[in-house]
Amino acid sequence: MAHRQDQPRRPSIHDVASRAGVSAATVSKVMAGVTTVKPENAQRVLDAVEQLGFRLDPLASEGDRSGSARL
């Protein structure tokens, strides 16, 4: 689905990762409250989230709903 030209694109997890200098997985961990992320990396992520106005998309974070089991 294309976004409308008159509406700015919402920042993505990859935008946050790029701004913070970390991986998208690290951003995901910080946003999920995982405490194993280095404090300095977590702070950089939180700063980038604030600067970019990033918000989690509940639909995007639902995960794989295909019903297939993973081993």
Per-residue SASA entry for R44, accessible area with 1.4 Å probe, Å² rounded to 10 = 100
Per residue of segment 45-51, in order, report the coupling 6.51 cos²θ - 1.76 cosθ + 1.60 (Karplus, θ = phi - 60°) as ³J(HN,Hα) in whole Hz, putting x for Gly and Pro.
-> 5, 4, 5, 5, 4, 5, 4
Phi-derived 3J(HN,Hα) across segment 23-32 with the Karplus relation (6.51, -1.76, 1.60, θ = phi - 60°), rounded Hz, x for Gly and Pro, is 7, 4, 5, 5, 4, 4, 4, 4, 5, 8
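Would you mind calculating the gained length between S12 and Q51 on full extension (0.36 nm times residue separation, minus the Cα-Cα distance), in nm to one decimal? Please report the intermediate quantities before stating the final value.
Details: separation 39, 0.36 × 39 = 14.04 nm, distance 1.26 nm.
Net length gain for the segment: 12.8 nm.
For segment 1-60, compute Rh as the Kirkwood radius over C-alpha pairs and then the Stokes-Einstein diffusion coefficient at 20 °C and 1.002 mPa s; write the answer in µm²/s, rounded to an integer. Please report the intermediate quantities before stating the final value.
Numbers: Rh = 12.0 Å.
For these conditions, the coefficient is 178 µm²/s.
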Leaving out ligands, DNA and RNA but keeping every protein chain, what accessible area does V49 have, in Å² rounded to the nearest 10, with a 1.4 Å probe?
-> 20
Round to the nearest 10 and report in Å² the accessible area of K29, as given by a 1.4 Å probe over the protein chains' heavy atoms.
-> 90
Separation between the E40 and A25 pseudo-spin-labels, each 7 Å from Cα along Cα→Cβ, expressed in nm?
-> 2.1
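The values are calculated or read from the model by the stated rules, or taken from the named source; none is laboratory data. What you see is a predicted model, and the numbers here were worked out from it, not measured in a lab. FYI the Cβ positions are ideal-geometry reconstructions off the backbone, even for glycines, and counts take in every protein chain you see. Surface areas here come from the heavy atoms of the whole protein model, side chains and all, with no ligands, DNA or RNA. Shrake-Rupley method; radii C 1.70, N 1.55, O 1.52, S 1.80 Å.
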